[in-house]
Amino acid sequence: MSQTPQGKPVPELTDLTRPFWTAAKQGKLVMQKCSQCGTLDFLPKPWCIECGHLDLEWVEVKPLGTVYSHSTARTVMMNYPAWKNDLPFVMCIIELDDGPRMYGQLTGCPPEKVRIGMRVEAWFEAVSAEAAVAKFRPV
Ligand SMILES: [Zn+2]
């Protein structure tokens, strides 16, 4: 498996997920929106999670939200020393101002300072020539 400049695995870009990764590389957070019911969803799928409609379009969402849930990693099980160098790191579920929730790493905040409801913004770490990973930091 190829690695990012940070020594972590490169995300797999598929026809389904490529729009998310390439938009992130351009500093934009995008998600699929259902043309039938308007539902926004973080995890790319061929159908709407609410109504099953197949007509989804990629739209930009505001890169702002609040911490919905969080967990601190103090050990890593995978064989990627680069992640060990980041320990401890905080993973969150972020509730975006536009509605959907998404996973992301929280940076710039020690684990003991993370609070449910804390305001965060997305930032984008380039991991390859065409992809970046969305992470969050306090605002
Ligand atoms: Zn729908």
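No lab work stands behind these numbers, since they all come straight from the coordinates. This is a predicted model, so every value here is computed, not measured. Every residue, glycine as well, gets a Cβ built from its backbone with ideal geometry; the counts of neighbours run over all protein chains shown.
Which FRET efficiency, nearest 0.05, do GLU50 and ALA82 yield, Cβ-Cβ r, R0 22 Å?
Values: r = 38 Å, r/R0 = 1.71.
Once the sixth-power term is evaluated, E becomes 0.05.
Hey, can you rank 130-137, 95-102 by average C-beta count inside 10 Å, highest first?
Numbers: 130-137: 20.1, 95-102: 16.9.
The most tightly packed comes first, giving 130-137, 95-102.
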Rg/Rh for the chain, where both radii come from Cα atoms and Rh is the Kirkwood radius: 0.98
Those GluC sites (Glu not before Pro) in region 35-86 that DSSP places in a loop and that have at most 13 other beta carbons within 10 Å: GLU50
Label-to-label distance, nm, for residues given as CYS37 and VAL10 (7 Å Cα→Cβ offset): 3.7
Relative counts (whole %) of C-alpha pair distances in region 18-62, using bins that are 5 Å wide: 5, 27, 31, 19, 12, 4, 0
The chain, helix-only ellipticity at 222 nm - DSSP H runs n ≥ 4, -39,500 (n - 2.57), divided by all residues, nearest 500: -2500 deg cm²/dmol
Cut-off 12 Å between beta-carbons: net charge of the residues surrounding ALA134, Lys and Arg +1, Asp and Glu -1: +2
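Local charge sum around THR66 (other residues, Cβ-Cβ under 14 Å, Lys/Arg +1, Asp/Glu -1)? Let's see the in-between values first.
On the way: positive: LYS62, ARG101, ARG115, ARG119, ARG137; negative: GLU95, ASP97, ASP98, GLU121.
Local charge sum for THR66: +1.
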